[in-house]
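Scroll down for the structure; my scribbles are underneath it.
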Amino acid sequence: MSGEVILYGDMMSQPTRCIVWFCKLNKIPLKFENIQLSKGVQRTKEYKAKMPLGKVPLIEHNGFLLYERYLGATFNVAEPWWSGDLKRRAIIDQYLDWHHGGTRIAAQMIFAKVMAPAQGINVSGDQLKTSIGKLEFALDTLEKVWLKNDEFLTGAKPSVADLSAVCELMQLEMIEYDIFKNRPKLEKWYRSMSKVEHFQEVTAVFQKVSALFREKNRSKLIIEITTIKHWYIIRVISNRTKTEKAS
Ligand SMILES: N[C@@H](CCC(=O)N[C@@H](CS)C(=O)NCC(=O)O)C(=O)O
């Protein structure tokens, strides 16, 4: 492949992590441009000139711009993460199509429990209940449909579908949401995926922020997160004992 591949993203974003992981596994070198979502960089005029939706990820290769995570076809990546076999590719697409209205519901929970409180947005108890209901349904669908016959979502081998799903579900660690209760297949699958090469390095930033967030929730630790390039600088400002129960 000739020409540099640039990924505009934020390692706190699920699809960004998925692309970084996919590229590492398939030895596609990437230049990473940090678009810090918490600072609103995605909404700046300069960024929107390239990505009018104002979202990450964005992939740029020799002037070709791609808004989604579907790099496999672009770079002709082969098994197991993508496939040259049309039927297997259709099965991968079938999951990815469902993913956006299914597994991606996890993001609604993170909005309700992490982002909305940070931005002073009120999420009603009813809204929260609806999100929990949809999430539980999605998790049951993963257990009972996608993992019904095979160890991975699209067959006996993992694919970009599994990378996408793991990157999404890991967010729920932040709010200590138990996704595995009564879901043994999901748990086995998640454990297998967390042993896939590069998992630790791709999720390191997220894991660190997630651990601090959990600690903050338990102890009212006040932290400030800034980034330089794609490194997160986390500063503990003060540590007070929490008096009320975490909600
Ligand atoms: N459709 C994209 C996801 C786009 C998306 O929702 N990105 C989020 C971060 S995960 C974003 O940029 N949010 C910032 C905003 O909406 O301001 C994919 O699944 O690959």
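Of the helices (runs of 4 or more DSSP H) that lie entirely inside region 93-201, those containing 3 or more residues that are over 18 Å from the mean Cα position of the chain (by Cα) and more than 16 Å from the ligand (Cβ to nearest atom) span 125-141, 184-193. For R43, the stated conditions do not hold, so it cannot be described as near the ligand (Cβ under 9 Å from one of its atoms), of a type in the set (D, E, K, R) and in contact with a Cys (Cβ under 7 Å, 6 or more places away or on another chain).
Among the residues of region 31-49, the ones that are small (G, A, S) and at pLDDT below 95 come to 2 in all. Look at K24 and say whether it is of a type in the set (K, R) and more than 10 Å from the ligand (Cβ to nearest atom). When the stated conditions are applied, K24 passes them.
This table checks each residue for (1) closer than 17 Å to A165 by Cα; (2) more than 15 Å from the ligand (Cβ to nearest atom); (3) at pLDDT 95 or above; (4) touching a helix residue (DSSP H, G or I) at 6+ places or on another chain (Cβ under 8 Å).
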{"site": "G3", "(1), (2), (3), (4)": "no, yes, no, no"}
{"site": "P29", "(1), (2), (3), (4)": "no, yes, no, yes"}
{"site": "M51", "(1), (2), (3), (4)": "no, no, yes, yes"}
{"site": "L58", "(1), (2), (3), (4)": "no, no, yes, yes"}
{"site": "H61", "(1), (2), (3), (4)": "no, yes, no, yes"}
{"site": "L66", "(1), (2), (3), (4)": "no, no, no, yes"}
{"site": "L71", "(1), (2), (3), (4)": "yes, no, no, yes"}
{"site": "T74", "(1), (2), (3), (4)": "no, no, no, no"}
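Any residue in region 21-38 that's within 17 Å of M193 (Cβ to Cβ) and in contact (Cβ under 8 Å) with a residue 60 or more places away in the chain: show its pairings with residues that are away from the ligand (no atom under 13 Å from the Cβ) and charged (D, E, K, R) at Cβ separation under 7 Å, as long as the two are six or more apart or on different chains. Hits for this filter: L25/E197. Residues that are part of a loop (DSSP other than H, G, I, E, B) and crowded, with 21+ Cβ neighbours inside 10 Å within region 82-92 comprise W82, S83, listed in sequence order. Scanning region 60-97 for residues that are out of contact with any strand residue (DSSP E or B) (no Cβ under 9 Å at 6 or more places or on another chain), touching a residue at least 24 places away in the same chain (Cβ under 8 Å) and among the aromatic types (F, W, Y) yields Y70, W81, W82, Y95.
The values are calculated or read from the model by the stated rules, or taken from the named source; none is laboratory data. Here the structure is a predicted model, which means the values were calculated and not measured. No Cβ is skipped: glycine too gets one built from the backbone with ideal geometry, and neighbour counts run over all protein chains shown.
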